[in-house]
Amino acid sequence: MTTYSDTSTPSAPPGRSLVWAEEFDAPIAWGTRWVGDRSSAYRYGDHNPDDNKLDWLDPRCVTVSDGVATFTAVPAHRTLENGRPAWHTGLLTTEYSAEGFQVRTGDHVETGVRLPCGTGAWPALWTWKDGGNEVDSFEYHPDNPHLLELSNHVRHGATYHTDAAAIGPDRWVGIGTSFGEHCVEWYVNGEHVFSDGTGVGPGWSAYLILNLSLSAGAYHPAPCGPAPITFDVDFLRVYR
């Protein structure tokens with residue numbers, strides 16, 4: 001499989017050093033580095049119908065092969081509290097892990113992902129702690145094939161970034177986020193694309209969440225059949 005790293009050479013941001021990295025070159029370190037069966041961002045721990053999601057978390061839905069993590073969503077054959085059919089899907093979070101790694105003000109996060117093409121797919125890299133502290137490095141929906149949603153929910157800054165040449169289903173893309181005190185900045189394939197002018201404040205910190213959600217249909221189409229939906233990740237790196 002050709003990955004983002006095969007076609008690009010990410011480099012450390014000036015003045016920062018690598019402090020934490022997941023290269024997906026070994027089995028997922030469940031419990032020590034990652035947790036995949038719950039998140040405090042989900043009302044019921046392993047599922048969250050309130051957020052227009054069909055997710056029912058299952059660590060078996062995250063697998064590693066040839067240096068790539070693949071998140072796979074499949075029908076769960078169970079029903080959410082709102083009556084919608086659930087899908088088993090994968091989520092990785094540093095919350096609840098023994099390592100308990102958190103990003104903090106001033107950190108820069110980089111990831112290389114292959115965007116999915118299945119209807120209903122909703123991949124994202126985001127942060128969460130204490131019921132908030134959320135910054136979305138990216139969210140993606142294949143019905144808007146060339147658009148990434150970039151959002152700071154801590155101090156409310158966001159944009160829709162569109163680039164038909166770089167963003168699209170089944171395409172590898174590098175996404176970077178710098179969590180500045182006064183400004184969060186986003187990068188796509190190394191190019192600066194957005195500054196929110198608000199930042200996260202001086203004492204901010206949060207856990208990482210990397211996942212494949214499934215849209216329930218309120219804002220983006222839900223899955224249109226039972227075929228599995230996949231999302232691939234090459235790496236996740238934090239510079240400080």
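Each reported figure results from applying straightforward, stated rules to the coordinates on display, with no laboratory input. Just so we're clear, the structure is a prediction, and the values are computed from it rather than from any experiment. Please note: Cβ atoms are built from the backbone with ideal geometry, for glycine as well, and neighbour counts cover all protein chains shown.
Annotations
- Of all DSSP beta bridges in the chain, antiparallel share, percent nearest 5: 95
- Charge dipole (debye, nearest 20) of the chain; +1 at Cβ of Lys and Arg, -1 at Cβ of Asp and Glu: 280
- Per-residue 3J(HN,Hα) values for the range 147-161, derived from phi via the Karplus relation 6.51 cos²θ - 1.76 cosθ + 1.60 with θ = phi - 60°, read 10, 10, 8, 10, 9, 10, 8, 6, 10, 6, x, 7, 7, 9, 9 Hz in sequence order (x marks Gly and Pro).
- Calculated from backbone phi, Karplus (6.51, -1.76, 1.60) coupling profile of the range 94-110 in Hz, x at Gly/Pro: 7, 5, 6, 6, 5, 5, x, 4, 10, 7, 9, 3, x, 6, 10, 10, 10
- Considering only T72, T105, P49, the residue lying farthest towards the positive end of the dipole of the range 1-155 is P49, judged by Cα position with unit charges set on Cβ.
- In this structure, the amide hydrogen of W87, modeled 1.01 Å from its nitrogen in the peptide plane, lies closer than 5 angstrom to those of D55, W56, A76, counting only residues at least 5 positions away or on a different chain.
- Taking 10 °C and 1.306 mPa s as conditions, the chain diffuses translationally at an estimated 89 µm²/s according to Stokes-Einstein applied to its Kirkwood radius (Cα pairs).
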